[in-house]
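The values are calculated or read from the model by the stated rules, or taken from the named source; none is laboratory data. Since we're looking at a predicted model, the values are computed, not measured. In this analysis, Cβ positions are derived from the backbone assuming ideal geometry, glycine residues included, and neighbour counts consider all displayed protein chains. Side chains are part of the model used for accessible areas, which takes the heavy atoms of the whole protein and leaves out ligands, DNA and RNA. Shrake-Rupley method; radii C 1.70, N 1.55, O 1.52, S 1.80 Å.
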Amino acid sequence: MAVLTAGAVLLLVFGVLGTALPVPYVAQVPGPTFNTLGKIDGTPIIEVHGRERNDVKGNLNLTTVGVGRGGLSLVQAVRGWFDSEVSVVPEELVYPPDRTEQQTRAANREAFLTSEQAAETVALGHLGYPEKVVVQGLAKDSPSQGRLEEGDAIEAVNGRPTPDSKALDKVLSSVKGGATVSVTYTRLGKQGTTSIITGTADDGGALLGVQILDQPSAPFDVDIEVNDVGGPSAGLMLTLGILDLVGRDDLTKGAVIAGTGTIDAAGKVGPIGGVALKMAAVRDIGAELFLVPADNCAEAAAVADPGFPLARVATLDDALKALADHEAGRTPATC
């Protein structure tokens, strides 16, 4: 009897300590999904300026993983290990010890913004728009303030063509800082010219005070608005969303498609984390097909009865073929 009582006391003590004892792990869970063709709080996720968006009815949902705030208790960690819709991972994998939580979230947000940029570049390049020097933003106190805008393509400076950023740098370095230059640009398909009193670079050359990128330039602007989402894994679905809204084809034909994957400037789809959790996130939206990065296929295929077919995609072209196969009633290349 004494032994049983002692055992009961030990179990009670373990239970009390387990509910409070923190462990260096965090829980990852299925996060919200967003239809890139739709809206968040009344605002389109993908806005198009300078032309009408295509009238499309389907879904191209990007998927996310939610991360719990703070460490878990021992009991919470044990419960999470036995829950198929919770992934318990070392805290340092989510919040590196050499960064604050705020710094980590800022880095993840920056990665998402970079994926937006990549998505636009890949989509417009796929549609055949020519590559130009495109303004991405203006520096603080930029001499181009009120003269140039984000999305402008810089065509020439003082009559000298600037087909790429190297050509632009060469022209500006030949001009003395502080000089007035004539800049020819294209905005929403219309060409204009403006005069700018340049700043001075460290080498004494002229400075426009703009961030630029060599990327395809279209006669319209694309803006992406998804707040409070971090990481690069939305790249593929954002690319498909842009193509559906400004391209020549209806990619979904009304179907509900979801997926994940990074994308680079060459259209290569890269692996992501938490693919099983992202699959769980779309079970309730009636997904008919889930696009999986090729390098995540083994992990995705291990999920028992996901509720939808898994299309294996290594490139943008693979994803477009999977959508065409699905619409035609053919079986896409699967995991």
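Ranked by the mean number of other Cβ atoms within 10 Å per residue, highest first, peptides 290-299, 50-59 order as 290-299, 50-59.
Under 5 Å from the amide H of Asp152 lie the amide H atoms of Val135, each residue being 5 or more positions distant or on a separate chain, with H modelled from the backbone and absent for Pro and chain starts. Once the mean of 1/r is taken over each pair of separate Cα atoms and inverted, region 169-237 shows a Kirkwood hydrodynamic radius of 15.0 Å.
For Gly66, the residues whose modelled amide H falls within less than 5 Å of its own, excluding neighbours fewer than 5 places apart on the same chain, are Val29, Gly31.
For Lys39, the aspartates and glutamates whose Cα comes closer than 20 Å to its Cα, not counting residues fewer than 8 places off in the same chain, are Glu47, Glu52, Asp55, Glu116, Glu120, Asp221, Asp223, Glu225, Asp228, Asp244, Asp250, Asp284. Remark: region 167-255 carries a charge dipole of roughly 400 debye about the Cα centre, counting +1 on each Lys and Arg Cβ and -1 on each Asp and Glu Cβ. In whole angstrom, region 154-282 maps to an equivalent ellipsoid with semi-axes of 40, 18, 12, each derived as √(5λ) from the alpha carbon gyration tensor and ordered largest first. Checking the Cα-Cα distances for Lys170/Lys190; Lys132/Lys170; Lys140/Lys176 against a 18 Å cut-off, the pairs over it are Lys170/Lys190; Lys140/Lys176. Karplus-derived 3J(HN,Hα) values for region 156-170, using 6.51 cos²θ - 1.76 cosθ + 1.60 with θ = phi - 60°, are 6, 10, 6, x, 8, x, 10, x, 8, 5, 5, 5, 5, 4, 5 Hz; glycine and proline are entered as x.
Listed values for region 141-155 are Karplus-derived 3J(HN,Hα) couplings in whole Hz (6.51 cos²θ - 1.76 cosθ + 1.60, θ = phi - 60°), namely 6, 5, x, 8, 4, x, 10, 10, 10, 4, x, 5, 9, 7, 8, and x replaces Gly and Pro. Estimated from the Cβ-Cβ distance and a Förster radius of 25 angstrom, the FRET efficiency linking Asn108 and Ile197 is about 0.05. In this structure region 168-240 gives 45 Å² per residue of accessible area when probed at 1.4 Å with all protein chains present.
Rounded to the nearest percent, how much of the accessible area of region 265-335 (1.4 Å probe, protein heavy atoms only) is carbon and sulfur? Ligands and nucleic acids excluded, carbon and sulfur give 50 percent.
Please work out the FRET efficiency for the pair Lys140 and Lys268, using the Cβ-Cβ distance as r and a Förster radius of 45 Å; give the result to the nearest 0.05. Before the final figure, lay out the partial values.
Working: r = 35 Å, r/R0 = 0.77.
FRET efficiency, Lys140 to Lys268: 0.80.
Relative to the globular-protein estimate of 2.2 N^0.38 Å, the Cα radius of gyration of region 244-304 stands at 1.23. Sequence-ordered 3J(HN,Hα) estimates for region 26-37 from the Karplus curve with 6.51, -1.76 and 1.60 and θ = phi - 60° stand at 10, 9, 10, 9, x, x, x, 10, 10, 6, 5, 8 Hz, glycine and proline given as x.
The ratio of the alpha-carbon radius of gyration of region 228-335 to the globular-protein estimate 2.2 N^0.38 Å is 0.98. Scanning residues 5 or more positions from Gly205 or on other chains, those with amide H under 5 Å from its amide H are Gly177, with H placed 1.01 Å from N in the peptide plane. In this simple spin-label model, placing a label point 7 Å from the Cα along the Cα-to-Cβ direction at both Asp249 and Ala298 gives a separation of 3.1 nm.
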